[in-house]
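Engineer: Quick one: structure below, then a few questions.
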Amino acid sequence: MSREKKQSFMGGVTVMAISTVFVKICGALYKIPLNNILGDEGVTHFNSAYNIYALLLTLSTAGLPLALSKLISEADATNRRTQMRRCFHAAMGVFVVLGAVGSAVMLLFTEQLAAMLHNSLAYWPIKCLGVSVICVSVMCAYRGFAQGRQNMVPTAVSQFIEAFAKLAVGLPLAWYLIRSGYPLEIGAAGAIVGVSAGIVLAMLYMVANYRKYRGPIMWGTDRAQSYGTIIRRLLALGIPITIGQAGMSLFNTLDQSIILGQLQNVLGMTEQAAAKLYGQYIFSSTLFNLPSSFLPAVAVSLVPAVTAAVTRRDHREVNRVVTTSFRLIAMLAIPAGTGLSVLAGPILLLLYPSRRETAIAATYHLQMLGIASIFVCVMLLTNSIMQAHGRVNLPIYTMFAGGALKVGINYTLVSNPDINIKGAPIGTLICYGLIALLNLAIVSHMLEKKPNYLAIFAKPVIASAAMGGTAWAVHGLLRHVLHGGYVKESLCTMLAVGAAVIVYLILVIALRMITREDLKMIPHGAKLAKLLRL
């Protein structure tokens, strides 16, 4: 570990952001063709298994890696090496037990889980994902240790391995099974095998990395707390975070069960027909999750950075990191969500040419979810800020308020035959909008120096509105010139996106949305600031 390097906050963000870009490229190369292969019904079977997996995984690991990174960061800030080692070993024991329980549930109660989701055909996809829970649990212990030392490289590399293996194994296997005449649920199970393979390989990398660099950093002369005390602290920090994140996973799983149940029991649809209709919503959900997927790049760096600053009572550093985080998220999330909403139809038709009818039906969903994705990003960032300050219970209350509202709205709207599946994105938008607003109010009250939300969000909103208008106008104009055929439609969409990006980048510089101080915190940022004359 002597050769292991810590990163600054922005250095950690940069490492994780680069990793996230590669991971999302692999993810897009996996999920978009997979949706084309499986279609609306097949992706519902895939998603059913993944929702169960995400819930059990969240219950076993969601808050504990952050809690471990916080404990490691505190010990590292005061040079307590023995305490670091004991925190890691205590956490590993907890992770293994919880992961084993999660895997056992998926492997032993597969049929019951599928029935709970009103989707009996999800049996084999759920079964194929069962072993992954314990593997992820072990991997998260190693990730939490590295992140606590503000070294984001191992996490970044393991994420890339996981994404690449999923692409290399899962997609070809799903394609082969469907082409060979197997039913859609077996094709979905083949895709799930790729997910499991990626998780196992990423876990093995994290184990090897830890063994290579653990060295003298894990040995010291300080008096460490007992294992019982550490486990109590770990659970005291991790359980509220887990409840907050597991609550949303629970609401998402419950949401799917309610939607499929209402479509079948109230509107009288068959299981396959309900799965096809719900698949339209899932097609848009893939893109809805894209903007928020960059949040871990900030969150995993923010928590240990703010924790270390709070431990040192360095309130100026806390304010700098929090303000920078808000500015980064505003500059990324608002234009991304706006673009998805404005060009929802053209983007879906570009990505899913073999599922044209499904893409057209999913357009409405993405128009709503594009705006909702902005609120999701704000929610995740503010959750991390509260957690870094030790206020781990607060995100639970706001999450339950939004989640309960989401379930209630979906239960009511989906059962209306004139609305049915279109009620799902409405519930999602209102849910995350409420949580984001509540979280912003709490963070403003919690920090010593209140963030100026108007100054943070006003310029990105103005620039994003101009960008969205540009995308809409350019696409509309080009469609009159280049009309007909997939190639021409795709060209219109890509040119509209390109024009929108150029307009937004120009406004970022013109409106001074990023400062010289921000750029100085990233590699070669001073040169870039000089080039941009900031």
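The values are calculated or read from the model by the stated rules, or taken from the named source; none is laboratory data. What you see is a predicted model; the values in this text were computed from it and never measured. Glycine gets a Cβ as well: all are built from the backbone with ideal geometry, and neighbour counts include every protein chain shown. What goes into the accessible areas is simple: the full protein's heavy atoms, side chains included, and nothing from ligands, DNA or RNA. Shrake-Rupley method; radii C 1.70, N 1.55, O 1.52, S 1.80 Å.
Engineer: Out of LEU250, LEU287, LEU254, LEU302, I need the residue that is aliphatic (A, V, I, L, M), in a helix (DSSP H, G or I) and modelled with pLDDT of 85 or more. Which one? Working first, answer last.
Structural biologist: Working: LEU250 fails: modelled with pLDDT of 85 or more; LEU254 fails: modelled with pLDDT of 85 or more; LEU302 fails: modelled with pLDDT of 85 or more.
Only one candidate qualifies: LEU287.
Engineer: I want to confirm something. Restricting to segment 129-148 and keeping residues that are open to solvent by less than 20 Å² (accessible area, probe 1.4 Å) and among the β-branched types (Val, Ile, Thr), which single residue is farthest from the chain's Cα centre (by Cα)?
Structural biologist: VAL133
Engineer: Go through segment 68-102 and give me each residue that's part of a helix (DSSP H, G or I), open to solvent by 10 Å² or more (accessible area, probe 1.4 Å) and more than 16 Å from ARG143 (Cβ to Cβ). Please lay out each step first, then the result.
Structural biologist: We begin by selecting, within segment 68-102, every residue part of a helix (DSSP H, G or I); these are 68-77, 81-102.
With open to solvent by 10 Å² or more (accessible area, probe 1.4 Å) added as a condition, the list becomes 70, 74, 76-77, 81-82, 85-86, 89, 92-94, 96-98, 100-101.
Once the filter is applied, which keeps residues that are part of a helix (DSSP H, G or I), open to solvent by 10 Å² or more (accessible area, probe 1.4 Å) and more than 16 Å from ARG143 (Cβ to Cβ), segment 68-102 yields GLU74, ALA77, ARG81, THR82, ARG85, ARG86, GLY93, VAL97, ALA100, VAL101.
Engineer: Return the residues of segment 254-269 that are of a type in the set (Gly, Ala, Ser) and more than 22 Å from the chain's Cα centre (by Cα); say none if nothing qualifies.
Structural biologist: Of segment 254-269, the ones of a type in the set (Gly, Ala, Ser) are 257, 261, 268.
Once the filter is applied, which keeps residues that are of a type in the set (Gly, Ala, Ser) and more than 22 Å from the chain's Cα centre (by Cα), segment 254-269 yields GLY261, GLY268.
Engineer: Which of the residues spanning segment 468-491 are at pLDDT below 90 and either β-branched (Val, Ile, Thr) or touching a Ser or Thr at 6+ places or on another chain (Cβ under 7 Å) (or both)?
Structural biologist: Across segment 468-491, the qualifying residues are VAL481, VAL487.
Engineer: May I ask you to say which residue of ILE126, ILE178 is over 16 Å from ILE72 (Cα atoms) and open to solvent by less than 20 Å² (accessible area, probe 1.4 Å)? Break it down stepwise before answering.
Structural biologist: Values: ILE178 fails: open to solvent by less than 20 Å² (accessible area, probe 1.4 Å).
Every option except ILE126 fails the conditions.
Engineer: Residues of segment 103-123 being assigned to a loop (DSSP other than H, G, I, E, B) and surrounded by fewer than 19 Cβ atoms within 10 Å (Cβ to Cβ), which ones? Outline the logic, then answer.
Structural biologist: Applying the first criterion (assigned to a loop (DSSP other than H, G, I, E, B)) to segment 103-123 yields 109, 117-119.
Hit for segment 103-123 is PHE109, nothing else.
Engineer: Now, a different point. Among the residues of segment 263-293, write down those that are over 24 Å from ILE374 (Cα atoms) and open to solvent by 20 Å² or more (accessible area, probe 1.4 Å).
Structural biologist: Restricting attention to segment 263-293, the residues satisfying the condition of being over 24 Å from ILE374 (Cα atoms) are 263-277.
Those that are over 24 Å from ILE374 (Cα atoms) and open to solvent by 20 Å² or more (accessible area, probe 1.4 Å): GLN264, ASN265, VAL266, LEU267, GLY268, MET269, THR270, GLU271, GLN272, ALA273, LYS276, LEU277.
Engineer: Return yes when ALA189 is surrounded by fewer than 20 Cβ atoms within 10 Å (Cβ to Cβ), modelled with pLDDT of 90 or more, among the small types (Gly, Ala, Ser) and closer than 20 Å to THR110 by Cβ and no when it is not. Walk me through it before giving the result.
Structural biologist: Values: surrounded by fewer than 20 Cβ atoms within 10 Å (Cβ to Cβ): no; modelled with pLDDT of 90 or more: yes; among the small types (Gly, Ala, Ser): yes; closer than 20 Å to THR110 by Cβ: yes.
So ALA189 fails the test.
Engineer: Checking VAL461 against (1) part of a helix (DSSP H, G or I); (2) buried (at least 18 other Cβ atoms within 10 Å of the Cβ); (3) not small (Gly, Ala, Ser), only one condition comes out false. Which one?
Structural biologist: (2)
Engineer: Restricting attention to segment 492-531, which residues are open to solvent by less than 40 Å² (accessible area, probe 1.4 Å), of a type in the set (Gly, Ala, Ser), under 24 Å from PHE457 (Cα atoms) and at pLDDT 85 or above?
Structural biologist: Those that are open to solvent by less than 40 Å² (accessible area, probe 1.4 Å), of a type in the set (Gly, Ala, Ser), under 24 Å from PHE457 (Cα atoms) and at pLDDT 85 or above: GLY498, ALA499, ALA500.
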